[in-house]
Number of protein chains: 2
Amino acid sequence: MNSPHLKNGSRQPSPPPKGKLRLYSNRFCPYSQRVVLVLDAKKIAYDVINIDLHSKPDWFYEKSLLGKVPALELENGEVLWESLIISEYLEEKYKAHHLHNQDPLQKAKDRLLIEQFNRVVHAVKRFLTGGLGRFTFDDDDVIENGLNTFERELLNRGTQFFGGNKPGMLDLMIWPWCERVEILKYFGNTNLLKKENYKRLMEWCRKMSEEPSVKKSLMDPDTHIKYLQSYRAGRPDYDTILDS
Amino acid sequence: MNSPHLKNGSRQPSPPPKGKLRLYSNRFCPYSQRVVLVLDAKKIAYDVINIDLHSKPDWFYEKSLLGKVPALELENGEVLWESLIISEYLEEKYKAHHLHNQDPLQKAKDRLLIEQFNRVVHAVKRFLTGGLGRFTFDDDDVIENGLNTFERELLNRGTQFFGGNKPGMLDLMIWPWCERVEILKYFGNTNLLKKENYKRLMEWCRKMSEEPSVKKSLMDPDTHIKYLQSYRAGRPDYDTILDS
């Protein structure tokens, strides 16, 4: 998982060993991490080819038409992309360790929550990258309403995880951004997330970070911050984790 | 389906008859039409409450938190929104007349095509609403590549519909915008869609418009254009179909 990120000019790796899926990924891409989490939770065999998103190899566009990660290469050579579509595919194809609730209504409601979380992520992203001009009070509302919804949801469900006594699809789809929540500190903004208002979410974060299948891809806040500093300096150092 | 659109100040309708789902909709909203198409294809009993999106009734926000259509009210009073999430819910809950391919890989590929079609729709929308400044050559590529993909896909599948010998989920999810394709003429742009390059897609359009379950919600180009004129004049006349 922590192999060097392949750059433009690098040689195309040989095909994956028989019986293994291949994930084209990037160690710091939260969408790629979604798929890693699903693969690990479902104990599916896979190998990882990390791609330098700043300098993509030419051959990568033959695998992933839009040059996007995550991209999952199947045993028959076909390639899927889009983190949610790949995750749903894995859930339907590999029946063991199911992640979705089996009730269609609960499944639909979990999917709506994933959508709502996406809106929170985009609002936070506007905050982190757009500066004052683009971050609006609407975004503030989206973030606060979103976090309140998730806090209330954990209270109503009365379970450790959104998925029950183990992480389910909703837990895994939102986790990559929650793993990165500590980097908000780096931006000196303590108002965006008032931890005392989200006790259950904070406890959920702690429990998620202790789950064996989640731990496999976990990175500590310092590594995330170090990467983000390099990204903001215009020279994203995707291999920073190799040094640590 | 063609009931008047309820405005701010209008009385809240009584609950749906027992055994019926209720769809909050808008006659000219393509996302709402997606759900109508799924309900009709699967022969599910439902009634429709049309909402004036320019002047929404207060009580509507109690049904659909974000005030969005489509919103589907279930028999237990719970409400789902987001056209794709509602459509997947209906597909999973009502097993008869299944719309998705049962092979997880084909299903994932169909979902990727729905995503690709969404990108085409957004590019066309930028063209229709944004004027020269916002429509870019990239959008041109997105539209052309997208249409080529769908034309090639019909050729490769060798079937009348993407779903085989009857419309499937992919057919229904992209149809609302295809029904509206003639309105591009109204904008005097004949370059955006060179029909002679898309013979199979045009034949598919014709076959779709003749399907009994699709016909139920079909509106003719004149009605779409009349609505669009009213929309562009700042006074969207959602009830224009009642007059015709």
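So here's what we get for this one:
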item: Restricting segment A:30-79 to residues that are within 13 Å of chain B (Cβ to nearest Cβ) and over 21 Å from A:Pro17 (Cα atoms), the residue that is modelled with the lowest pLDDT; result: A:Leu65
item: Subset of segment A:80-102 (residues that are open to solvent by less than 20 Å² (accessible area, probe 1.4 Å) and away from chain B (no Cβ under 11 Å)); result: A:Ser83, A:Leu99
item: Pair list, Cβ under 6 Å, 6 or more apart: segment B:112-134 residue at pLDDT below 85 and among the β-branched types (Val, Ile, Thr), other residue part of a helix (DSSP H, G or I) and surrounded by fewer than 15 Cβ atoms within 10 Å (Cβ to Cβ); result: none
item: Check on A:Leu112, farther than 16 Å from A:Phe161 by Cβ, more than 10 Å from every other protein chain (Cβ to nearest Cβ), over 16 Å from the mean Cα position of the chain (by Cα) and not in a loop (DSSP other than H, G, I, E, B); result: no
item: Segment A:151-182, residues that are surrounded by fewer than 17 Cβ atoms within 10 Å (Cβ to Cβ) and closer than 17 Å to A:Lys125 by Cα; result: A:Glu182
item: For A:Asn197: the one exception among (1) free of Cβ contacts under 8 Å to residues at least 40 places away in the same chain; (2) open to solvent by 50 Å² or more (accessible area, probe 1.4 Å); (3) more than 20 Å from the chain's Cα centre (by Cα); result: (1)
item: Test: A:Phe117 is of a type in the set (Phe, Trp, Tyr) and farther than 28 Å from B:Glu73 by Cα; result: no
item: A:Lys185 vs. criteria among the basic types (Lys, Arg), modelled with pLDDT under 90 and either farther than 30 Å from A:Lys43 by Cβ or not in a helix (DSSP H, G or I) (or both); result: yes
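The values are calculated or read from the model by the stated rules, or taken from the named source; none is laboratory data. As the structure is a computational prediction, the values presented were derived from the model and not from experiment. Glycine gets a Cβ as well: all are built from the backbone with ideal geometry, and neighbour counts include every protein chain shown. These area figures cover heavy atoms from the full protein model, side chains too; ligands, DNA and RNA do not enter into them. Shrake-Rupley method; radii C 1.70, N 1.55, O 1.52, S 1.80 Å.
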